[in-house]
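Below you'll find the structure, written out as structure tokens, and then a few comments.
The values are calculated or read from the model by the stated rules, or taken from the named source; none is laboratory data. Note that the structure is a prediction, hence the values are computed from the model and not measured. Reconstructed Cβ throughout: ideal geometry from the backbone, glycine too, with neighbour counts over all protein chains shown. Heads up: the accessible areas ignore ligands, DNA and RNA and are worked out on the full protein's heavy atoms, side chains in. Shrake-Rupley method; radii C 1.70, N 1.55, O 1.52, S 1.80 Å.
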Amino acid sequence: MSTNENSANSIAAVLFDLDGTLLDTADDLGAALNHVLNTYKKPNVAAKDYRPIASDGALGLLNLGFGDDIAQYNYESLRQQFLDHYEQNIAEHTCLYPGVAELLQQLEDNNIPWGIITNKPEGLTKTLMPYYPEFANCAVMVGGDTLVKRKPDPEPILHACQQINVNNQQCFYVGDALRDIQAGNSALMKTFVANWGYILADEDCQTWQADHIIESPTDLLAFIK
């Protein structure tokens, strides 16, 4: 692959996870979960319990809400109800994390392309992104079902690099889950844990083997200047 001649300090591109990294989507995902739980007269899940699981999508949230009882239901039916409600209310509470807009603007000012590689379904991601004008210059987006494989497999990240014609070894990948760091490391990128994201309180990010753990989006700026 060719390098991006416009990049600063040999950084070809910065690629991000979406949920828990750029966008705080937890409350809309939690609302979809509680909608399904209400349908089956199950107790709602509190925000403090669903927020750390939000990156795990429908599967993780439905397992959290239904627990062992989930085996009594048709999972695909539950998942479709979850996704339908989520899609219809996709940006009610979702917002950019503080510092994301500044970070993206700085990348653009430095002519460093940036993109999104998420395990969220591509259709939902395309529905969600236009609500946030800060995403207008996103160079590439790869969803969880864009390819056969998804994170932690590196293929979606490598595919994104091919799409924007950059050298994967000169890219950064930023995410808030172990699968993000595994994918980025396998793609031979410099990896960053988004420590503001959906991470369980007892989870030790130090064991993920990321290159750096950052506490806010703007902390990344120190690595591009």
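Of note:
- Filter pass, residue 77 being modelled with pLDDT under 95, open to solvent by 30 Å² or more (accessible area, probe 1.4 Å) and either in contact with a Lys or Arg (Cβ under 8 Å, 6 or more places away or on another chain) or not aromatic (Phe, Trp, Tyr) (or both): no
- Residue check, residue 115 open to solvent by less than 40 Å² (accessible area, probe 1.4 Å) and free of Cβ contacts under 8 Å to residues at least 40 places away in the same chain: no
- Unmet requirement for residue 193, which otherwise passes all of (1) surrounded by 17 or more Cβ atoms within 10 Å (Cβ to Cβ); (2) over 23 Å from residue 29 (Cα atoms); (3) without any contact (Cβ under 8 Å) to a residue 40 or more places away in the chain: (2)
- If you go through region 94-107 and keep only what is farther than 22 Å from residue 29 by Cα and either open to solvent by 60 Å² or more (accessible area, probe 1.4 Å) or modelled with pLDDT under 95 (or both), you end up with 102, 105.
- Residue in region 130-150 that is hydrophobic (A, V, I, L, M, F, W, C), closer than 28 Å to residue 80 by Cα, in contact with a Cys (Cβ under 8 Å, 6 or more places away or on another chain) and surrounded by 18 or more Cβ atoms within 10 Å (Cβ to Cβ) present: no
- Residue 91 vs. criteria open to solvent by less than 50 Å² (accessible area, probe 1.4 Å), of a type in the set (Gly, Ala, Ser) and under 23 Å from residue 116 (Cβ atoms): yes
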